[in-house]
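Shown next, in structure tokens, is the structure this report addresses.
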Amino acid sequence: MALRTAGSVLVVFLWSVAVVLGQNGWSVTYTTQRICTLKGSTVEMSCSYTYPSGYKVTSTFWFTKKYEMENYVNLRDEPVFKGRVTYHSDRMNGHTLRITDLRKKDSAEYKFRFITDQPGGKYSGYPGVTLSVTDLQVKVTTTWWLTTLTCSTTCTLTGNPTYIWYRNSKIVQGASSPSYPVYLKTEDRFYCAVNGINSHPVSFEGHSYFHVTYTHQRICTLKGSSVDISCSYTFPSGHTVSETKWYTKGKLDEAPQILNPGYGGCVEYLGNMQSDSTLRITDLREEDSAEYKFRFRTDQTTWEPTFPGTTLTVTVLQVKVTPATVSEGQKVTLTCSTTCTLTDNPNPTYIWYKNGHVTKRSNSLFLNPVISEDAGRYSCAVEGHEDLPSAEETLTVTYGPKNTSVSVSPSCEIVEGSSVTLTCSSDANPPVDKYTWYKKNVTSAKASGQSYSITNIISEDRGEYYCEAQNGRGSMNSTALMIIVAGKQTSVMTVAVGITVVVLVLILCFSGFMWFRKQASKSTSNTRDTADDGQGNSSPVYDNVSSMAMTPTAAQTADTDNHDYVYYASVHFSGSKIQEVPLYSTVQLPQPQIQEDVQYAAVKFSCPSAATR
């Protein structure tokens, strides 16, 4: 019969003591305030609660830790309780906490908390239920004729348990008394049990007996580290230890594996070989997890214990992200967990790394609220074992589009007839799955897609354009970009010809102006000379009005040849020497004459004081 009865658990049901805590309609009633139970068993803690009418309970949980104000840690979220905690609620505001496979480290004060849908509608029951987890140990009291075995615990077990005594795996006594008398000169093995939870066995040979005591029944340590598995042992007087060995039990059909010193370069024996021994294993691997036992040989016999040895569990650190899916603005908790509680450091301080760089030293890493910049690769290590970090992990933060902007190509002046491409860019996780283009003051969308092209652009296309980026987390508009469309460009040759024509026209006009000015200057000079010959009369003098005479024959000939001849008449005014004489010129275009004869006459006006021309 195995030392631990398969499938048996110790469940503690407590309904005797009611502890009511509350005020103003808020209360928590615990079934009891103290529980003492065995390591490896199962315990249930129950309570009921009340709250004012008009409220609705939205959340209930049990806790032992509170890191900061309003930061209560739900037991189901603690790595050490993973897979061992269950909740049960009933319709009468009752709640039960169940913890399986209890460990000594589970000893704590457990409290219940509930949250309602109203602001400030939260309540916790203080004090809670104090749980003490102990194990069974056989104490030996010997007189000269009788040995008494006592099944002892560090606290009084709750619920008046029944103690069962075994001799060589057979039941010899079942009673409420934890003691059992053993007469002298017995060589049997004895151990006690309570509801399937067994103690370590002891063996006797009269007043002296073979016995091995392991320092730890269970050891949990990190992959890659070193471990020392130790024991002390006794044997009858007159014997001398000749050989010691550590070994692991394989499957039922396999022989034990002897761990000789130097095995694989990782095994070493320490101790004095007469009362204690230590097995040291370095560079541990997960496959090194096993039950390790010790046996020794004397000069008279070989003794191999059949009761449990030390169970070694090799674990690795893992980063757990809560919640599993992270969105920007949420509260995120990163915990460093192991599959078992580390023996040499049950409450470790963890060093947190982000992308390989130390970021914080704490039991857990809180990101509240989480932002996109928090995304990265996170790992953790136990302080003092920085060389054994966890594998890098979550953290992916999802968020809606931001930093949305529009760029244009080409970036130079945009003229009619050219092509323009607008491109929308945005930072988002998951990536943007929909881009939509809009033009200000236009209700309907212009296009969709990350790029928007306008070919053969015209002046009506000018205006302000913007894009909308959207993913499953939200959307964001970019700032508007102004598109200005200039008129069509004239070719370089056309511009050059136009400039040349304009310059030539200006030169001709300027030349004509200078010629007319020169002629006018000469006429003015002649007029002044004539005026100087007169008697100084200050009155205007009409000196000469003439028209060019042409015989009819000549006029007709000229008219026949060219109708665009221009006829000029000049009028000169002479005055005094002092007064400037203006010069007038009259240009006339004659109408074409077909049959009529044209008579020309010369008319001369003479002033009394002017010289005869």
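The values are calculated or read from the model by the stated rules, or taken from the named source; none is laboratory data. Bear in mind the structure is a predicted one, so any value in this text is a computation, not a measurement. Every residue, glycine among them, receives a Cβ derived from its backbone with ideal geometry; neighbour counts consider all protein chains shown. Note: accessible area is taken over every heavy atom of the protein model, side chains too, but ligands, DNA and RNA are not part of it. Shrake-Rupley method; radii C 1.70, N 1.55, O 1.52, S 1.80 Å.
Note on surface exposure: LYS360, LYS111 rank LYS360, LYS111 by accessible area, highest first, 1.4 Å probe. Measuring r between the beta carbons of GLN257 and SER124 and using R0 = 41 Å, the FRET efficiency lands at 0.20. Model label points for LYS440 and SER521, set 7 angstrom from Cα along the Cα-to-Cβ axis, are 6.1 nm apart. Ordered by 1.4 Å accessible area with all protein chains kept, THR221, THR455 run largest first as THR455, THR221. Measuring with a 1.4 angstrom probe and ignoring ligands and nucleic acids, ASP117 comes out at about 80 Å² accessible. By its C-alpha gyration tensor, with a ≥ b ≥ c as the square roots of the eigenvalues, how is segment 389-469 shaped: rounded for a/c under 1.5, else prolate for a/b larger than b/c, else oblate? Cα axes put segment 389-469 in the prolate bin. With the simple spin-label model, which puts each label point 7 Å out from Cα in the Cβ direction, the LEU388 to THR349 separation comes to 1.9 nm. Solvent-accessible area of LYS434, all protein chains in place: 110 Å² (probe radius 1.4 Å, heavy atoms, ligands and nucleic acids excluded). Taking 27 Å as the limit for the C-alpha separation, the pairs LYS104/LYS320; LYS66/LYS320; LYS66/LYS354; LYS331/LYS439; LYS65/LYS331 exceed it in the case of LYS331/LYS439.
Summarising the label geometry, the points placed 7 Å from Cα in the beta-carbon direction at LEU506 and ARG361 lie 8.4 nm from one another. If you plug the beta carbon distance of LYS139 and GLU268 into 1/(1 + (r/R0)^6) with R0 = 35 Å, you get a FRET efficiency near 0.55. Accessible area of ARG167 (1.4 Å probe, protein heavy atoms only, ligands and nucleic acids ignored): about 80 Å².
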